[in-house]
Amino acid sequence: MAESASNLVVETHKLTKIYQNRQIALNDVTLSIEPGCVLGLLGPNGAGKTTLLRLILGLHRPTAGWVKVCGKKMGPNAAALRRKIGYIPTNPQFPPGMTPIVYLDFMAKLFGLPAQVRKPRLASLIRAVGLLEVSGDPIAGFSNGMTARLAVATSLINEPELLIWDEPTHGLDPEARRSMLELIKNLSKDKTLIVSSHNLSDIDEVCNHAAVLSRGHLIYFGSLQDLKGRMRRNHYELDLEGDQKAITKAASVIKSLPEFKTVHIRQRRLELRLNDDVSNSSVLANVFMTLADNKVNLVSIRSVGQQTEQAFLDLVEKEESRGFARAYAAPDE
Amino acid sequence: MDASLVHPPLRHSLLLPYWAVLQMDAWQTLRSWVFRVWVLAGAVLGFGYLLHRVAIHYQAGILQSSAAFMSEVLQFSLLIGPTLVILLTAGTISSERGILADSVLSRGISRYEYFLAKWHSRLLTTLASYWFLAGSLLAGSCFLLQFDLSVFGCLLGFVIVSAVLAMVASCGVAMSSLCNSTVLAVAVLWMSLYGTGLGLALLGFGQLNPLRLHRLMALLVQGQFEFGPQLELIGWCAVISVLAAVVGLVHFARRDV
């Protein structure tokens, strides 16, 4: 993600946050986010995802390092920078006794939007998120889905360049979750997004970049394809159809090929692990030929290593297993 | 390029975020049970006592002095008012810390604007409600009791009590930005305020000596006062208010929320 610093939407440098000398929430995080990037922020509970988001928003002050948003340093009093950001916290809470209209008007005022701008904008947003019928009802009686939609409207009221959504699909039913993911896809056409989520399939679906945090340390930052591709990329599962004897025979032929690390057959499922240095396309071509020679049909093939979840788990596991070696990591590692 | 397609740059109103938080906080304060209890208790006690005096006047035929009544009102305001103001202001910021404050502070508002809006809102609601109650009691006492007070002295008494309450409110808002917990802020403020008051009373020292203030109220409503010392007293309250607010503001502008 190398782009000239002035064009970067978010840039952090050696960002570290230690709470009251007791807890290291974030450790030496350096990343840069280009315009148009949809970044999925991944990590187990307590990894530092929300801390990172709060530092980007200027809600927390870094213990060391800095955050820049649109080329300018973010801090607690950088109100002008926050006008460019739309934020949804994990569990959005609303002041008691308010209606969506009053709440959105209040939020728009916080961005300094004059009445002739904010009134039409809040009306169109209420319509867009489907809260028109309940726009005069107290928010206290809203369902999770409705509050999520209101939070979305709130984050868009200032027409931000950068959207920071902390677990936007948290607590939503499948239909609302689907709508939220579709919305993220639409917004990603002209906005930069940072989406934090525990749901890796959501990240897989909507993001083009990923950042993985583990115990406050950034262990991966780059494209989602790279993340998926670098993990177990030569591990495939094939579902087969045909005579069991023919399948076993084909498997034994494949086993004899030198390009394979392991070949396992479990009834009609063939699991293949290729050596790291081989070209997978030519080896798979040989496999297909062998299957065809033995009159075995291929029902499906999938690359096990292409799952984001697997890649994420491998990364975290690898980071954990490094132990003290972390202290001696090369600067570019 | 078609001129109609060119959008002029959006001009943000810089005062609007401050104004929005001030309005919202004032609205929420008016809806809070502490505020309602304060106003209700003040009204019930004040008007109940006034009616009691009126009853004595009409039933027993004993003349009731409006000056004596108003001096008691002012003395009572000085004694109990600070406790209620502490309850009303100590949770100004600490009670909203967390997700609710996030949803405001993550928008286009600086910490300075947020703190100032909250401070001004609490000052406004506290003082406006005090003046409303005290003014009503003054009007009631003038019409229903024997009129023997100095209205100007009485108004000066209101200003002095307001200055003391504003000082307590400022300390309350500042403490709420320093503490994470409202209960802690209330406890610290209450002990500091009444401890300092007790210390000053025992030592017989200072402009803000509660016993001195107590005596002063009786003299003010009778019109027996000099301007200089009263202005000095108000000035001290203002200085302490501003100092407390500056400490709270500087701390809040630098801390994590």
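Report, to two decimal places, the Cα Rg of the protein assembly as shown normalised by 2.2 N^0.38 Å (N = number of residues).
The protein assembly as shown yields a ratio of 1.35.
Test of understanding: what is the full-extension gain from A:I101 to A:A64, defined as 0.36 nm times their sequence separation minus their Cα-Cα distance?
9.3 nm
In nm, to one decimal, how far is the modelled label at A:S256 from the one at A:N208, with both set 7 Å along Cα→Cβ?
Roughly 4.8 nm, to one decimal.
If you add up the charges near B:S94, with Lys and Arg at +1 and Asp and Glu at -1, over every other residue whose beta carbon is less than 14 angstrom from its beta carbon, what do you get?
Details: positive: B:R97, B:K118, B:R122, B:R255; negative: B:D25, B:E96, B:D256.
Charge balance near B:S94 sits at +1.
When we measure straight from the Cα of B:K118, which lysines land under 20 angstrom away, once same-chain ones fewer than 8 places off are left out?
A:K109
Which order do peptides A:194-206, B:220-232 fall in by mean Cβ count within 10 Å, highest first?
A:194-206, B:220-232
At 0.36 nm per residue, and after removing the present C-alpha to C-alpha distance, how many nm does the segment from B:L231 to B:A60 gain when stretched out fully?
57.5 nm
Could you give the angle, 0 to 90 degrees to the nearest 10, between helix A:174-187's Cα long axis and the longest principal axis of the Cα atoms of chain A?
Between the helix axis and the principal axis of chain A, the angle is about 80 degrees.
By counting other Cβ atoms within 10 Å of each Cβ, how are B:M191, B:M167, B:M70 ranked from fewest to most?
Ordered from fewest to most neighbouring Cβ atoms within 10 Å, B:M191, B:M167, B:M70 come out as B:M191, B:M167, B:M70.
On C-alpha positions alone, give me the angle between the axis of helix A:100-110 and the longest principal axis of chain A, in degrees, nearest 10.
80 degrees
So, counting K/R as plus one and D/E as minus one, what does the shell of residues with Cβ under 15 Å around A:K191 add up to?
Here the charged neighbours net out to -1.
Out of the trypsin sites (Lys or Arg not before Pro) in region A:147-249, which ones are loop residues according to DSSP with at most 11 other C-beta atoms within 10 Å?
Passing both the DSSP loop test and the Cβ count: A:K189.
Please give the per residue volume of the convex hull enclosing the alpha carbon atoms of region A:13-90, rounded to a whole number of Å³.
103 Å³
For the Cα atoms of chain B, what angle does the longest principal axis make with the long axis of helix B:111-144, in degrees from 0 to 90, nearest 10?
That helix lies at roughly 20 degrees to the long axis.
Report, as an integer, the average count of C-beta atoms from other chains found within 10 Å of each Cβ along A:51-62.
3
Using each residue's phi in region B:226-243, evaluate 6.51 cos²θ - 1.76 cosθ + 1.60 at θ = phi - 60° and report the 3J(HN,Hα) Karplus result to the nearest Hz, with x for Gly and Pro.
Couplings: 10, 5, x, x, 5, 5, 4, 4, 4, x, 4, 4, 5, 5, 5, 4, 5, 4 Hz.
Are there any chymotrypsin sites (Phe, Trp or Tyr not before Pro) in region B:169-217 that are in a DSSP loop and have at most 16 other Cβ atoms within 10 Å? List them by number.
B:F205
Work out the FRET efficiency for A:A123 and A:H13 from their Cβ-Cβ distance, taking R0 = 35 Å, and round it to the nearest 0.05.
Values: r = 41 Å, r/R0 = 1.18.
In this case the efficiency is close to 0.25.
Counting partner chain Cβ atoms within 10 Å of every residue's Cβ in A:98-106, what's the average?
2
Quick query: amide H of A:L163 versus all other amide H atoms, modeled in the peptide plane; which residues come in under 5 Å with a sequence gap of 5 or more or a different chain?
For A:L163, the qualifying residues are A:G86, A:T192, A:L193, A:I194.
Enumerate the lysines that A:K14 could reach by cross-link, defined here as Cα to Cα under 18 Å, with residues fewer than 8 away along the same chain left out.
Once the sequence-local lysines are set aside, what remains near A:K14 is A:K49, A:K68, A:K72, A:K73.
Using helices alone, what [θ] at 222 nm do you get for chain B, with -39,500 (n - 2.57) per DSSP H run of 4 or more residues, divided over all residues and rounded to the nearest 500? Display every interim value, and only then the final one.
Details: 9 runs with 194 residues, N = 257.
Computed ellipticity for chain B at 222 nm equals -26500 deg cm²/dmol.
Mind checking which lysines have their C-alpha under 22 Å from A:K245, skipping anything on the same chain fewer than 8 residues away?
Hits, sequence-local ones excluded: A:K255, A:K295.
Quick one: what are the phi-derived ³J(HN,Hα) couplings along region B:203-218, Karplus 6.51/-1.76/1.60 with θ = phi - 60°, whole Hz, x for glycine and proline?
With coefficients 6.51, -1.76 and 1.60, one gets 7, x, 10, x, 5, 9, 4, x, 5, 5, 4, 4, 5, 4, 4, 5 Hz.
Hey, rough spin-label estimate for A:K185 and A:K249, points 7 angstrom out along Cα→Cβ, what's it come to in nanometres?
It works out to 4.5 nm between the two label points.
How big is the equivalent ellipsoid of region B:69-227 along its three axes, where each semi-axis is √(5λ) from the Cα gyration tensor, reported in whole Å from largest to smallest?
Rounded to whole Å, the semi-axes are 33, 19, 12.
Would you pull out the residues with amide H under 5 Å of B:Q64's amide H, same chain only if 5 or more places away, H placed 1.01 Å from N?
B:Q146
Using a Förster distance of 45 Å, how high is the FRET efficiency between B:F132 and A:D173, based on the Cβ-Cβ distance and rounded to 0.05?
Calculated transfer efficiency: 0.35.
Anyone know which of B:S71, B:S106, B:S95 comes out most mobile in the 10 Å Cα GNM of chain B?
Comparing B:S71, B:S106, B:S95 in a Gaussian network model of chain B, the most mobile one is B:S106.
Pop a pseudo-label 7 angstrom from the Cα along the beta-carbon direction at both B:D148 and B:H251 and give the gap in nm to one decimal.
4.8 nm
Computed over the Cα atoms of region A:1-147, what is the convex hull's projected area averaged over all directions, in nm²?
With the hull built on Cα positions only, its mean projection is 10.8 nm².
Values quoted throughout were computed directly from the atomic coordinates according to the rules given, and no laboratory measurement underlies them. Predicted model only: the values in this text are computed from it and were never measured. Every residue, glycine among them, receives a Cβ derived from its backbone with ideal geometry; neighbour counts consider all protein chains shown.
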